[in-house]
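Worksheet for the structure shown next.
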Amino acid sequence: AQSVTQLDSHVSVSEGTPVLLRCNYSSSYSPSLFWYVQHPNKGLQLLLKYTSAATLVKGINGFEAEFKKSETSFHLTKPSAHMSDAAEYFCVVRGPGSSNTGKLIFGQGTTLQVKP
Amino acid sequence: DGGITQSPKYLFRKEGQNVTLSCEQNLNHDAMYWYRQDPGQGLRLIYYSQIVNDFQKGDIAEGYSVSREKKESFPLTVTSAQKNPTAFYLCASNYRSPNTEAFFGQGTRLTVV
């Protein structure tokens, strides 16, 4: 069975400081992993994805994530937070599943607060 | 432009009434999903469909129904049997290939009055 755990429900940083949002996963297969961002009352937007190519993945808006198989982690980072980064972030795993369907499994989400 | 469209953005329903939420995609995606989002509970899967005329229950299907008569469309009906329907509903779609990402609509906020 696949699962994903976001280790922090809420993260608060100051503008201009680094961001770290933590995600651990569990999968019997080599998973596909994604980070999405959601602004209030909006849909989810893809930030980046890992699909067994390079382990360091660069995404939009300066975000990146590193896939570490030995630690079963896929943490999201950004060197310098901007006020517009304040949002909800979801880590998602997708594996082969049955019949190659690959349902999406969501973490509980991390709310990022950015203080001026 | 390709994308996934949910309508309406806001919906109000009286208790005891059924209501249908629309989801349309022009991305030629095989699979479509409905999620419910409540504060502090993340996204919970209601129903999903991998191909036309076939769909499966997710984790919280009770009180909901769906149809998939066309590849582009996956409407969700919230029935009067759903005890607590007030929530934010998100529709998503993707290709069946496991390495591909899902695209999301902008959501429908349903309020029971």
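Conditions first: (1) touching a Leu at 6+ places or on another chain (Cβ under 7 Å); (2) surrounded by 12 or more Cβ atoms within 10 Å (Cβ to Cβ); (3) not polar (S, T, N, Q). B:Val52 passes all but one, so which condition is the exception?
(1)
Restricting to segment B:32-50, and then to whatever is in contact (Cβ under 8 Å) with a residue 12 or more places away in the chain and over 12 Å from the mean Cα position of the chain (by Cα), can you tell me which residue is farthest from the other protein chains (Cβ to nearest Cβ)?
Top of the filtered list is B:Asp38.
May I ask you to list the residues in segment A:9-47 that are closer than 13 Å to A:Glu66 by Cα and surrounded by fewer than 16 Cβ atoms within 10 Å (Cβ to Cβ)?
A:Leu20
How many residues does segment A:10-30 contain that are over 12 Å from A:His75 (Cβ atoms), more than 10 Å from every other protein chain (Cβ to nearest Cβ) and in a loop (DSSP other than H, G, I, E, B)?
5
Here is a list of conditions, (1) under 12 Å from the mean Cα position of the chain (by Cα); (2) touching a residue at least 40 places away in the same chain (Cβ under 8 Å), and B:Gly16 meets all of them except one; can you say which number that is?
The single condition B:Gly16 does not satisfy is (1).
Taking B:Asn99, is it over 10 Å from the mean Cα position of the chain (by Cα), more than 14 Å from chain A (Cβ to nearest Cβ) and assigned to a loop (DSSP other than H, G, I, E, B)? Lay out the reasoning, then the answer.
Numbers: over 10 Å from the mean Cα position of the chain (by Cα): yes; more than 14 Å from chain A (Cβ to nearest Cβ): no; assigned to a loop (DSSP other than H, G, I, E, B): yes.
The answer is no for B:Asn99.
Tell me, please, whether a residue that is facing chain A (nearest Cβ under 8 Å) and surrounded by 17 or more Cβ atoms within 10 Å (Cβ to Cβ) can be found in segment B:12-29.
No, segment B:12-29 has no match at all.
Do the conditions hold for A:Lys69, that is, is it free of Cβ contacts under 8 Å to residues at least 40 places away in the same chain, crowded, with 16+ Cβ neighbours inside 10 Å and of a type outside the set (Asp, Glu)?
Considered against the rule, which asks whether it is free of Cβ contacts under 8 Å to residues at least 40 places away in the same chain, crowded, with 16+ Cβ neighbours inside 10 Å and of a type outside the set (Asp, Glu), A:Lys69 comes out as no.
Give the residue, chosen from A:Leu48, A:Leu7, A:Leu33, that is within 11 Å of chain B (Cβ to nearest Cβ) and out of contact with any Asp or Glu (no Cβ under 9 Å at 6 or more places or on another chain).
When all the criteria are applied, what remains is A:Leu33.
Return the pair list, or none, for Cβ contacts closer than 8 Å from residues in segment B:73-93 that are without any contact (Cβ under 8 Å) to a residue 60 or more places away in the chain to residues that are crowded, with 24+ Cβ neighbours inside 10 Å and among the small types (Gly, Ala, Ser), at least 6 apart or on different chains.
Note: pairs meeting the criteria are B:Phe74/B:Ser93.
Looking only at segment A:31-66, count every residue that is more than 11 Å from the chain's Cα centre (by Cα), in a loop (DSSP other than H, G, I, E, B) and either aromatic (Phe, Trp, Tyr) or over 17 Å from B:Ser97 (Cβ atoms) (or both) and tell me the total.
Qualifying residue count for the region: 7.
Can you confirm whether segment A:100-115 contains a residue that is among the basic types (Lys, Arg), more than 14 Å from every other protein chain (Cβ to nearest Cβ), in contact (Cβ under 8 Å) with a residue 12 or more places away in the chain and exposed (fewer than 12 other Cβ atoms within 10 Å of the Cβ)?
yes
Quick note: the coordinates plus some simple rules give every number you see, no bench work behind them. If you're wondering where the values come from, they're calculated on a predicted model, not measured in any experiment. Quick reminder, even Gly has a Cβ in these numbers, built from the backbone with ideal geometry, and neighbours come from all protein chains shown.
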